[in-house]
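Have a look at the structure below before the remarks.
Coordinate-derived values only; no laboratory data. Computed from a predicted model, the values in this text were never measured in an experiment. For neighbour counting, all protein chains shown are included, and Cβ atoms are generated from backbone atoms with ideal geometry for every residue, glycine included.
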Amino acid sequence: MRYISGLPRPKAGKGPRVLAVLGSTGSIGRSVLEVVRLQPQRFRIAALAGGRNMELLAAQAAEFKPARLCAQDEQSAERLRRLLPRGVRPTVLVGSEGCGEAARSAEVDMVVSAQSGAAGLHGTYAAACSGKIIALANKESLVLAGRHIREACARSGASVLPVDSEHNAVFQCLAGSDGRAFPTEGRGYLRRLILTASGGPFFGRPKEETDKARPDQALKHPTWNMGAKVSIDSATLMNKGLELIEAHHLFGLPMADLEVVVHRESVVHSLAEFTDGSLLAQLGVPDMRIPISYCLGFPERLNSGAPALDLVALGSLHFSPPDRLAFPCLDLARSAGEKDGGYPVVLNAANEVAVDAFLAGGIPFGAIPRIVEHCLDAYGAGRTDACDAFSCAPDTIEAVPALDAAARVRARREVELFTC
Ligand SMILES: NC(=O)c1ccc[n+]([C@@H]2O[C@H](COP(=O)([O-])OP(=O)(O)OC[C@H]3O[C@@H](n4cnc5c(N)ncnc54)[C@H](OP(=O)(O)O)[C@@H]3O)[C@@H](O)[C@H]2O)c1
């Protein structure tokens with residue numbers, strides 16, 4: 001094991017931890033602000049970035065008074081300026097460049113990367129290059145550019161703390177109760193990691209039925225309350241596939257040492273298995289405020305606002321293997337992670353395009369894995385019909401968006417073939 005970064009250095013001097021929250025209007029971002037509200041003396045918000053929900057971003061700005069705000073595009077930024085109350089006049093930044101500027105800002109100690117999809121990469125990478133503590137929810141950043149983020153952390157001294165509940169659970173299992181025992185180098189007695197998956201809303205249902213599922217059915221997650229993209233990814237199990245690649249980059253372990261087990265209750269958030277057969281797990285109610293508060297307070301533990309887990313009321317826990325035939329995205333992601341190079345970028349881009357099309361009612365649920373598979377096959381066969389960038393391996397961080405864009409062109413063509 002070689003963890004992606006060192007651990008956060010203690011802050012010089014006292015004073016609150018200064019945060020930039022990228023994706024503050026989303027499900028994770030709102031939970032971050034809930035945890036901050038519970039201990040306002042510990043944190044100061046220097047920057048908030050939303051996408052297009054400017055009403056909420058303006059309300060957050062009025063409450064937390066950050067020096068910088070960021071919106072997804074110029075039109076949203078214009079609307080935001082009009083919505084800001086009298087007396088609240090932060091600098092309004094725009095787009096991925098704006099997120100990068102907010103993340104790099106000298107006063108910021110910690111960047112919470114909580115945008116959805118590939119859009120989150122720019123802010124994460126800017127934070128990694130400028131020595132920040134990164135509370136990382138945006139798993140796509142590691143899927144697209146895990147190696148580049150690792151190298152950037154090594155250069156700048158940035159550190160990554162995983163917000164994703166499974167990775168946060170593993171981190172806690174390896175770190176001891178106060179976080180300080182975490183081994184950043186050397187495998188020690190670790191044998192493998194077991195990531196738990198809820199199985200999503202279609203667990204145990206026949207493939208013929210789920211292939212025709214509607215967006216409202218796929219969005220109904222049994223245990224977690226999340227944004228739309230990650231909810232659909234949970235229904236296809238692509239979310240778990242992306243998390244395998246995320247774990248591979250985060251913990252520096254081969255894909256073969258990462259296992260997935262379905263656990264319907266979503267109470268055991270993941271496990272570390274050791275050479276003597278011992279398993280360590282982290283348990284808690286399925287509430288993202290727990291891993292979020294762990295990262296925000298690290299190495300101290302904060303009041304997350306989440307209720308305690310009542311084991312007696314819960315009664316029993318269940319585990320089963322994932323149905324890899326009914327949910328082919330899991331194997332597609334594992335294979336892309338094993339091949340590495342540009343495969344994870346193509347996997348992610350094709351998946352984002354397919355999920356958008358599904359949510360818009362354009363394609364059936366069962367088309368999502370097929371579109372992803374066709375794009376991966378085309379990339380593997382070196383078919384450059386989308387554009388030359390489609391055949392490249394992203395050896396530099398600059399090559400990642402080019403391959404991402406080319407894979408999206410290819411995926412949109414595939415979507416047209418499936419359009420209902
Ligand atoms: N939700 C969970 O429980 C959970 C758990 C583990 C990991 N994660 C990961 O955390 C990330 C966020 O998930 P989420 O559920 O919080 O998503 P979400 O509710 O959809 O929120 C996404 C956030 O990103 C912003 N955004 C979306 N596209 C953008 C773009 N192109 N440019 C700038 N901003 C953009 C959205 O802005 P607007 O809403 O203002 O448009 C919103 O603030 C994802 O990578 C997800 O996989 C989520």
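Return the FRET efficiency for the residue pair Ala12, Lys220: r is the Cβ-Cβ distance, R0 is 51 Å, and the value is rounded to the nearest 0.05.
Working: r = 47 Å, r/R0 = 0.92.
With a Förster radius of 51 Å, E is 0.60.
What value, in deg cm²/dmol to 500, does the helix sum -39500 (n - 2.57) over DSSP H runs of n ≥ 4 give at 222 nm once divided by the residues of the chain? Don't skip to the end; give the middle numbers.
Details: 17 runs with 187 residues, N = 420.
About -13500 deg cm²/dmol.
Output the relative contact order of region 17-163, whole-number percent, from Cα pairs under 8 angstrom with separation of 6+ residues. Write down the numbers at each step before the final one.
Numbers: 311 pairs, mean separation 31.1, N = 147.
Dividing the mean separation by the residue count of region 17-163 yields 21 percent.
Quick one: net charge around Gly341, please, counting Lys, Arg +1 and Asp, Glu -1 for every other residue with C-beta under 14 Å from its C-beta.
Values: positive: Arg147, Lys339; negative: Glu338, Asp340, Asp395, Asp404.
Computed value for this residue: -2.
Can you compute the FRET efficiency between Gln41 and Glu78 using 1/(1 + (r/R0)^6), with r the Cβ-Cβ distance and R0 = 35 Å? Round to the nearest 0.05.
Details: r = 35 Å, r/R0 = 1.00.
Computed FRET efficiency for Gln41 and Glu78 comes out at 0.50.
Roughly how many debye, to the nearest 20, is the charge dipole of region 109-168 about its Cα centre, given +1 on each Lys and Arg Cβ, -1 on each Asp and Glu Cβ, and no other charges?
Details: 5 positive and 5 negative charges, 39 e Å.
Rounded to the nearest 20 debye, it is 180 debye.
Taking the chain as a Gaussian network, Cα atoms linked when under 10 Å apart, which of Thr210, Thr196, Thr384 shows the biggest mean-square fluctuation?
Looking only at Thr210, Thr196, Thr384, the largest GNM fluctuation is found for Thr384.
Could you compute the net charge surrounding Arg370? Neighbours are other residues with a C-beta less than 10 Å from the C-beta of Arg370; K and R count +1, D and E count -1. All intermediate terms of the calculation are to be shown ahead of the outcome.
Working: positive: none; negative: Asp211, Glu373, Glu414.
Counting the neighbours of Arg370, the net charge comes to -3.
Which value, in debye to the nearest 20, describes the size of the charge dipole of region 333-420 about its Cα centre when Lys and Arg Cβ atoms bear +1, Asp and Glu Cβ atoms bear -1, and nothing else is charged? Don't jump to the answer; show the numbers that get you there.
Details: 8 positive and 13 negative charges, 50 e Å.
Using Cβ point charges on Lys, Arg, Asp and Glu, region 333-420 gives about 240 debye.
Kindly rank 134-144, 297-307 from highest to lowest mean number of other beta carbons found within 10 Å of each residue.
Details: 134-144: 28.9, 297-307: 16.2.
Top of the packing list down: 134-144, 297-307.
Which peptide among 112-122, 327-337 comes first, and what is the full order, when sorted by highest mean count of other Cβ atoms within 10 Å? Before the final figure, lay out the partial values.
Working: 112-122: 25.7, 327-337: 22.7.
Going from most to least packed, we get 112-122, 327-337.
Check Leu93: other-chain or 5+ apart residues with amide H under 5 Å from its amide H, H built from backbone geometry?
So Leu93 has HN proximity to Leu69, Cys70, Ala71.
With springs connecting C-alpha atoms under 10 Å apart, model the chain as a Gaussian network and identify which of Leu253, Leu84, Leu317 has the largest mean-square fluctuation.
Maximum among the listed residues: Leu317.
Could you give me the ³J(HN,Hα) list for region 151-159, computed from phi with Karplus coefficients 6.51, -1.76, 1.60 and θ = phi - 60°, whole Hz, x at Gly and Pro?
Calculated HN-Hα couplings, in order: 5, 5, 4, 5, 6, 9, x, 5, 10 Hz.
Would you work out the relative contact order for region 341-418, in percent, from Cα pairs under 8 angstrom that are 6 or more residues apart? Write out the running numbers ahead of the final one.
Details: 97 pairs, mean separation 33.6, N = 78.
Relative contact order, region 341-418: 43 percent.
Please work out the Cα convex hull volume for the chain and give it in Å³ per residue.
Numbers: hull volume 59.0 nm³, N = 420.
Output value, Cα hull per residue: 140 Å³.
So which lysines pass the test for Lys240, namely a Cα distance under 22 Å, with those fewer than 8 places away in the same chain ruled out?
Cα-Cα hits under 22 Å: Lys139, Lys207, Lys212, Lys220, Lys229, Lys339.
Taking only C-alpha pairs under 8 Å that are 6+ residues apart, what is the relative contact order of the chain in percent?
Working: 838 pairs, mean separation 63.8, N = 420.
With pairs under 8 Å counted, the relative contact order is 15 percent.
Quick one: check the C-alpha center-to-center distance for region 372-420 versus region 159-199, whole angstrom.
Comparing the Cα centres of region 372-420 and region 159-199, I get a distance of 33 Å.
Tell me, what ³J(HN,Hα) does each residue in region 48-61 have, in order and in whole Hz, if you take phi through Karplus 6.51 cos²θ - 1.76 cosθ + 1.60 with θ = phi - 60° and put x for Gly and Pro?
Once rounded to whole Hz, the list reads 10, 10, x, x, 10, 7, 6, 4, 5, 4, 5, 5, 5, 5.
Tally Lys/Arg at +1 and Asp/Glu at -1 over every other residue whose Cβ is under 14 Å from the Cβ of Ala411; what's the total?
On the way: positive: Arg370, Arg383, Arg408, Arg410, Arg412, Arg413; negative: Glu352, Asp356, Glu373, Asp377, Asp385, Asp404, Glu414, Glu416.
Value of the local net charge: -2.
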